[in-house]
1. Within the chain, which is the longest segment containing none of the trypsin sites (Lys or Arg not before Pro) that sit in a DSSP loop and have at most 15 other Cβ atoms within 10 Å?
2. With charges only on Cβ, +1 for K and R and -1 for D and E, what is the dipole size of the chain about its Cα centre, in debye, rounded to 20?
3. Under 14 Å from the Cβ of residue 138, count the other residues' Cβ atoms, weight Lys and Arg +1, Asp and Glu -1, and hand me the total.
4. What size of dipole, in debye to the nearest 20, comes out for segment 108-171 about its Cα centre when the only charges are +1 on Lys and Arg C-beta atoms and -1 on Asp and Glu C-beta atoms?
5. How do 68, 36 line up, fewest other C-beta atoms within 10 Å first?
6. What is the spin-label model distance, in nm, from residue 52 to residue 100 if the labels are put 7 Å beyond Cα along the C-beta direction?
7. Take the Cα atoms of segment 83-171, find their three principal axes, and give me the spread along each one in whole Å, biggest first.
8. For the chain, count all C-alpha to C-alpha pairs, find those more than 20 Å apart, and express that count as a whole percent of the total.
Amino acid sequence: MIVRPATVDDAAVLARVHVRTWQVAYRGQVPQEHLDRLDPVRREQGWRQWIRDGRPPAGILVLDHDDDGVIGFNCFAPSRDPDADPRTVGEVQAIYVLPSHWGQSGGKLLMEAGMRKLREAAFQEATLWVLETNERARHFYESAGWRPDGSAKTDDSRGFPLREVRYRVTL
């Protein structure tokens, strides 16, 4: 497995990875009707735009598997939180690996590569938001040294509430 920067040519597969991972990881945590409506074809254009617009220190890394192609990604940028200085606090905005590859160190490789990029960009800390009910992801973050920092929010942007907690790590 190798980690590399995403290219526009990766957009379609990133959309598929994103949708499939949501459908499995968030089953029972997000309304099933929403998960069933997720469509990689509709998400592909968004991925093309995100990749084109990504300028350092923001970035998208992909995880390439020898046999299966792109199986995961990590998106990072300066923090979007109003209580953080975007010059010193970076944010992992998304990190996903296909469920068929969970537990095979791909997430760890992606996280390490993203943290390296954030350190290279001179960020002192990093944050990420995770569903409060997503025990699997929370365990993954905690095993990598991340800790909840006491901040929480509810995201209603999809038409239903998603309670998220913020994690933080010193870089």
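Every number in this text was worked out from the coordinates using simple rules, so none of it is lab data. It should be emphasised that the depicted structure is a prediction, and the values quoted were computed from it without experimental measurement. Neighbour counts are summed over all protein chains in view; Cβ atoms, including those assigned to glycine, are modelled from backbone coordinates with ideal geometry.
1. On the way: sites that count: 80, 87, 158.
Here the longest segment lacking exposed loop sites spans 1-79.
2. Numbers: 24 positive and 25 negative charges, 29 e Å.
For the chain, the charge dipole is close to 140 debye.
3. Details: positive: 136, 147, 163, 166, 168; negative: 132, 135, 142, 149, 164.
Net charge around residue 138: 0.
4. Numbers: 12 positive and 10 negative charges, 29 e Å.
For this selection, approximately 140 debye.
5. On the way: 68 12, 36 9.
Going from sparsest to densest Cβ surroundings: 36, 68.
6. Distance between the two pseudo-spin positions: 3.1 nm.
7. Each principal axis gives a Cα extent; for segment 83-171 these are 37, 36, 20 Å.
8. Of all Cα-Cα pairs in the chain, 52 percent lie more than 20 Å apart.
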